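Here the structure comes first, spelled out in structure tokens, and everything after it is commentary.
The values are calculated or read from the model by the stated rules, or taken from the named source; none is laboratory data. Model, not experiment: these values are computed from the prediction. Counting neighbours? That spans all protein chains shown, and the Cβs are built from the backbone with ideal geometry, glycine included. Side chains included, ligands, DNA and RNA excluded: accessible areas come from the protein's heavy atoms. Shrake-Rupley method; radii C 1.70, N 1.55, O 1.52, S 1.80 Å.
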Amino acid sequence: MSKSKKKNAVASVGFGYVPEETQHHFMVVIPQGKNEKVLVYERFIWDKDKDIQDINEGSPLRNQLKVAVPKWLWQRVAPYVAQEFNFRLEKEGFKKSKWKVGQNPVHRLLGKELVVLLWALEDCTDDSQVPVAIVNWQGLRPEERWWLYGVTNAATGKVNDRKGWRMALKYALLDNPVSQKQIEQLDFESIKGQTVIYEE
């Protein structure tokens, strides 16, 4: 996101994405079913004439699937991501947004930050690891998250990559110790539902 506050900005779509400015964005696709996975794409095309975008995975120059996570995991992470993104978007003059079932466009820089967190958690089966990852993710500056995305994506940015920097992210966000006080301050129950809506 730019450092200067935008005034009279074109209305954004989803979390800070302005199609008139660039076609580069991320797309979070949230399924209806509880047992389906949430998919996050990095996209380089936007059809302004369509409310629902065509996502063709056979065209990697336009649509790249970066990560797929179980819906239960997404529901644990989503409120905190939405809270932080909305805080920053509002400061810069953008409207706030909420996650919904279906397609959720995300500004390209925010999308990179989201993917960094999900890459760390993609193989998580222990619910207790989720708050640890969130606390460590929150402790990084946006610029640090962008850098981590860049170096990870360069060699291990495909959905099924599980090596190199992709593994390093898991250690950095899951194994870096945090205090119980930090975890308690997350307060999952109080934030649940405040910044997330699922149209089911």
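Descriptive notes on the structure:
- Breaking point among (1) closer than 29 Å to I45 by Cα; (2) under 15 Å from the mean Cα position of the chain (by Cα), for V130: (1)
- Scanning the range 156-170 for residues that are open to solvent by 70 Å² or more (accessible area, probe 1.4 Å) and not in a helix (DSSP H, G or I), we see that the one that is farthest from A82 (Cα to Cα) is K163.
- If you check M27, M1 for being surrounded by 15 or more Cβ atoms within 10 Å (Cβ to Cβ) and either assigned to a loop (DSSP other than H, G, I, E, B) or at pLDDT below 95 (or both), only one passes: M1.
- In the set (1) over 18 Å from the mean Cα position of the chain (by Cα); (2) at pLDDT 95 or above; (3) of a type in the set (D, E), the condition left unmet by E143 is number (1).
- For P79, the conditions (1) in contact (Cβ under 8 Å) with a residue 40 or more places away in the chain; (2) over 12 Å from the mean Cα position of the chain (by Cα) all hold with the exception of (2).
Quick grid of which residues meet (1) over 25 Å from T156 (Cα atoms); (2) in contact with a strand residue (DSSP E or B) (Cβ under 7 Å, 6 or more places away or on another chain); (3) at pLDDT 95 or above:
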residue	(1), (2), (3)
Q23	no, no, yes
N56	no, yes, no
S59	no, no, no
E92	yes, no, no
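- Single residue of D49, D54 found to be open to solvent by 100 Å² or more (accessible area, probe 1.4 Å) and either at positive phi or part of a loop (DSSP other than H, G, I, E, B) (or both): D49
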